[in-house]
1. How many residues, within the range 89-128, are free of Cβ contacts under 8 Å to residues at least 60 places away in the same chain and farther than 19 Å from TYR41 by Cα?
2. Determine which single condition ASN91 fails, assuming it passes every other condition in (1) under 30 Å from ASN170 (Cβ atoms); (2) open to solvent by less than 60 Å² (accessible area, probe 1.4 Å); (3) not hydrophobic (A, V, I, L, M, F, W, C).
3. Is there any pair linking a residue in the range 29-53 that is on the phi > 0 side of the Ramachandran plot to one that is among the basic types (Lys, Arg), with Cβ under 9 Å and at least six apart or on different chains, and which?
4. Is at least one residue of the range 98-105 under 30 Å from GLY241 (Cα atoms), surrounded by fewer than 21 Cβ atoms within 10 Å (Cβ to Cβ) and not acidic (Asp, Glu)?
5. Provide a single number: the residues in the range 214-234 that are in contact (Cβ under 8 Å) with a residue 60 or more places away in the chain and either open to solvent by less than 70 Å² (accessible area, probe 1.4 Å) or of a type in the set (Phe, Trp, Tyr) (or both).
6. Taking the condition of being surrounded by 22 or more Cβ atoms within 10 Å (Cβ to Cβ) and under 23 Å from LEU103 (Cα atoms), how many residues in the range 34-60 meet it?
7. Within the range 112-122, does at least one residue satisfy the condition of being buried (at least 16 other Cβ atoms within 10 Å of the Cβ), out of contact with any Leu (no Cβ under 8 Å at 6 or more places or on another chain) and acidic (Asp, Glu)?
Amino acid sequence: MNNRYLRNVLIDGIGEEGQAKLAASKVLVVGAGGLGSPVLYYLAAAGVGTLGIVDYDVVDITNLQRQILHNTNDIGRLKIGSAALKLAILNPAVILRPYGEKLTEINAESIIEDYDFVVDCCDNYATRLLINDVCVKQQKPYSHGAVIAMRGEAMTYVPGAACYRCVFENPPQDGALSASSQVGVLGAVAGIVGSIQATEAIKYIVGMREQLILNRMLIIEAGDMKFISLKVKKNKDCVCG
């Protein structure tokens with residue numbers, strides 16, 4: 001046993017068998033920003049065997065307040081390159097697959113189909129719904145996360161459970177909701193949500209599936225530090241029906 005993962009192996013429900021499952025798993029993370037940073041760090045540290053990283057953006061100075069994978073020296077560099085450098089240093093055993101492109105209807109299916117679990121760390125409704133629809137079609141489990149200002153949300157889809165489109169059937173119109181460039185986002189809140197998403201991915205891979213956030217959306221209100229679990233009903237007319 002690799003002593004690097006000893007604290008994982010000691011956890012009831014993981015053990016050496018669960019750690020072996022992590023080493024054999026392939027997880028795709030869409031977005032290497034505020035949510036993707038903690039997700040990628042924790043999945044690499046946990047020993048996930050292969051990490052796919054989808055992001056086409058470059059590091060901007062305004063990212064550094066929350067996107068902890070990147071630092072001042074990375075400004076202007078592609079996020080996938082910056083992320084891969086840090087993750088390779090953290091855990092050289094992890095295979096990294098960077099995709100320096102936007103996830104679209106053209107490439108989403110071919111990218112997602114090779115992975116065991118998907119983590120949605122994107123920042124717009126169109127891509128969130130695209131990830132949802134492809135994962136539902138391909139019967140792929142995935143974790144959704146979002147954060148704005150002092151508020152975050154997370155939910156997990158597995159085949160048979162309610163999906164993201166059961167909550168949001170169609171994306172809001174442009175300008176209907178405030179963006180982080182208007183109201184901000186606290187980096188630590190992104191860290192909370194990203195950590196929850198990484199935990200969900202690990203639990204699914206090792207087999208703790210009864211403990212996932214299923215048919216629920218977890219709302220984090222960091223202002224008064226409330227965690228609210230909302231039931232999500234499966235819509236029989238939804239794509240997941």
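1. The number of residues fulfilling the criteria is 14.
2. Evaluating ASN91 over (1) under 30 Å from ASN170 (Cβ atoms); (2) open to solvent by less than 60 Å² (accessible area, probe 1.4 Å); (3) not hydrophobic (A, V, I, L, M, F, W, C) leaves (1) as the failure.
3. GLY31/LYS79; GLY47/ARG4
4. So in the range 98-105, the residues under 30 Å from GLY241 (Cα atoms) come out as 102-105.
The next check asks that each one be surrounded by fewer than 21 Cβ atoms within 10 Å (Cβ to Cβ); those that pass are 102, 104-105.
Among the residues that remain, those that are also not acidic (Asp, Glu) are: 102, 104.
Yes, the range 98-105 contains a residue that is under 30 Å from GLY241 (Cα atoms), surrounded by fewer than 21 Cβ atoms within 10 Å (Cβ to Cβ) and not acidic (Asp, Glu).
5. Going residue by residue through the range 214-234, those that are in contact (Cβ under 8 Å) with a residue 60 or more places away in the chain are 216-223, 232-234.
Still in the running and either open to solvent by less than 70 Å² (accessible area, probe 1.4 Å) or of a type in the set (Phe, Trp, Tyr) (or both): 217-223, 232.
The qualifying residues number 8.
6. Total meeting the criteria: 15.
7. yes
The values are calculated or read from the model by the stated rules, or taken from the named source; none is laboratory data. What you see is a predicted model, and the numbers here were worked out from it, not measured in a lab. Cβ sites come from the backbone with ideal geometry, for glycine too, and all protein chains shown count toward neighbours. Ligands, DNA and RNA are stripped out before the accessible areas are found, and what is left, the full protein with its side chains, is counted by its heavy atoms. Shrake-Rupley method; radii C 1.70, N 1.55, O 1.52, S 1.80 Å.
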